[in-house]
Amino acid sequence: MLKIYDTETAKKTILRRIPFSSMTFPVKVMERTALLFGAGVTPQQAVARILASVQTEGDIALRRWSMLLDRTDPKEFRVPADDIERAFHSISDDVILAMRKAADRIRQFHKFQPLPNWETCEMGGTLGQRVTAIERVGIYVPGGTAPLPSSLLMSVIPAQVAGVHTIIVCTPPNPHPAILAAAHLCGLDQVYQLGGAQAIAALAFGTETVPKVDKIVGAGNLFVTLAKQQVYGMVGLDGLAGPTETVVVADQTAKPAWVAADLLAQAEHDALASAILITPDRSLAEAVQMEVAHQMETLSRSEIIAQSLSERSGIIITKDIETACSLASEYAAEHTCLAVADPQKMSALIPNAGGLFLGEHSFEVLGDYVAGPSHVMPTGGTARFASPLNVMDFVKISSIIALDEITGQELSQVASIIARTEGLTAHAAAADFRSHSLFREEEWPG
């Protein structure tokens, strides 16, 4: 049963954010880690061991970890191009048409995102910025209990729009044909059947088989996230993805069956997923509670859903809809859905959200697959400062500085004063040479 909370109790329970560094790991994870790596070894230590071995041993370590952790020994890590094409032709026409539609909308949306090069001559000479694509990007596509070809589309296409030259996909061994079909649809030919921390290590360090990349994006399990955390600085990252989460803010106009269906869709992702309804309407809350119990009886992942609903989810009753919006913004969910009479107006009260879904016809599942924006969104409250995956994640900006001589001399005097204030006399001297460059060297008063 989906529990109903008052606001204060919810803040202490289902809305309470725990820093990633302070999270306790599930008992099953700790038991499996001890079994595979030895008693007393933490997941962080296990990941560090995997990373170090791949960095020093390359493909040999990749094969060893694949056999131990994934219980498979791929004939080759790189999926042959013929296998990718064969998988594409093995998928039913309706699935291919659906993926094409999604891909077209994702591409169209991201083409609207600006990548501005600009220059100005209004500050003495020329100043500006140049935007260039990151050269090599690695994309991790999960392949666990629910293979996610949509994640490949949502990550690869923004990179392609940005102009990334080399895109490398890693996904766990024996990839689902739909993932390979999505790769073929995007025109990719570098797909490696590598999962977990060893995949992140291969992308970060490079091996005999897997090219080293400049940035890694894509969500994964706990070990993928820990590995991304540990390689940060050697490569760029899109962020550290935690369990997925949805908040639905609803008023008396919302349809209980629809709200329940949206919560259940979120809960089936993962036992750690959060599906939260915030509403001032108790009758709606109770109707949704009944709908959830009724609908989940027919769902294939009901065991996962039940665990998510009992441990990480719930319904929160607020005094009014404005308080509901404020609470949602404070929580800063990955997905925030507004099932209210005036979603546009209420959205102005929620500055913090990975994705805002306005109205019951713009529900979160459409964002997962086909609306257009990438479904790779900030989790764990990071929507307070982070953004969904977008074309800017795949480019970098270079500042252009080309001052004219007079401006250079004038600014050198300013720079010299600031440098001496900081005690950096070599900085000041370099500026002084320019500010006095009209003198002959032997006449320089410095």
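The values are calculated or read from the model by the stated rules, or taken from the named source; none is laboratory data. Here the structure is a predicted model, which is why all the values come from computation and not from measurement. With ideal geometry, Cβ positions are generated from the backbone for all residues, glycine too; neighbour counts draw on all protein chains shown.
With of a type outside the set (S, T, N, Q) and either within 30 Å of S66 (Cβ to Cβ) or in contact with a Leu (Cβ under 8 Å, 6 or more places away or on another chain) (or both) as the only criterion, which of A98, A181, A133 stands out?
A181
Kindly provide the set of residues from region 375-417 that are in contact with a Pro (Cβ under 8 Å, 6 or more places away or on another chain), not in a loop (DSSP other than H, G, I, E, B) and not β-branched (V, I, T), ordered by number.
D393, F394
Taking D270 and the conditions (1) closer than 20 Å to Y331 by Cβ; (2) in contact with a Leu (Cβ under 6 Å, 6 or more places away or on another chain); (3) of a type in the set (D, E, K, R), which numbered condition does it fall short on, given that it satisfies the others?
Condition not satisfied by D270: (2).
Being under 20 Å from the mean Cα position of the chain (by Cα) and under 30 Å from L62 (Cα atoms), is that true of even one residue in region 111-133?
Checking region 111-133: at least one residue is under 20 Å from the mean Cα position of the chain (by Cα) and under 30 Å from L62 (Cα atoms).
With the requirement that a residue be in a strand (DSSP E or B) and either in contact with a Pro (Cβ under 9 Å, 6 or more places away or on another chain) or of a type in the set (A, V, I, L, M, F, W, C) (or both), what does region 109-134 give you?
W118, L127, Q129, V131, A133
Considering only strands (runs of 3 or more DSSP E) fully contained in region 139-234, which possess at least 1 residues that are within 28 Å of S302 (Cα to Cα)?
166-171
Somewhere in region 292-308, is a residue without any contact (Cβ under 8 Å) to a residue 12 or more places away in the chain and of a type in the set (A, V, I, L, M)?
Yes; the residues of region 292-308 include at least one that is without any contact (Cβ under 8 Å) to a residue 12 or more places away in the chain and of a type in the set (A, V, I, L, M).
Just one of (1) surrounded by 13 or more Cβ atoms within 10 Å (Cβ to Cβ); (2) under 17 Å from F223 (Cα atoms) trips up I84, so point out which.
(2)
For region 143-159, which positions are farther than 27 Å from R64 by Cα, of a type outside the set (V, I, T) and in contact with a strand residue (DSSP E or B) (Cβ under 7 Å, 6 or more places away or on another chain)?
Within region 143-159, S155, A159 meet the criteria.
Name the single residue, out of those in region 3-46 being touching a strand residue (DSSP E or B) at 6+ places or on another chain (Cβ under 6 Å) and in a loop (DSSP other than H, G, I, E, B), that is nearest to A273 (Cα to Cα).
Residue satisfying both the conditions and the ranking: I14.
In the list A250, A257, which residue meets the criterion of being modelled with pLDDT of 95 or more, assigned by TED's automatic domain parsing to the domain that holds F357 and surrounded by fewer than 20 Cβ atoms within 10 Å (Cβ to Cβ)? Step through it out loud before you land on a result.
Working: A250 fails: surrounded by fewer than 20 Cβ atoms within 10 Å (Cβ to Cβ).
The conditions single out A257.
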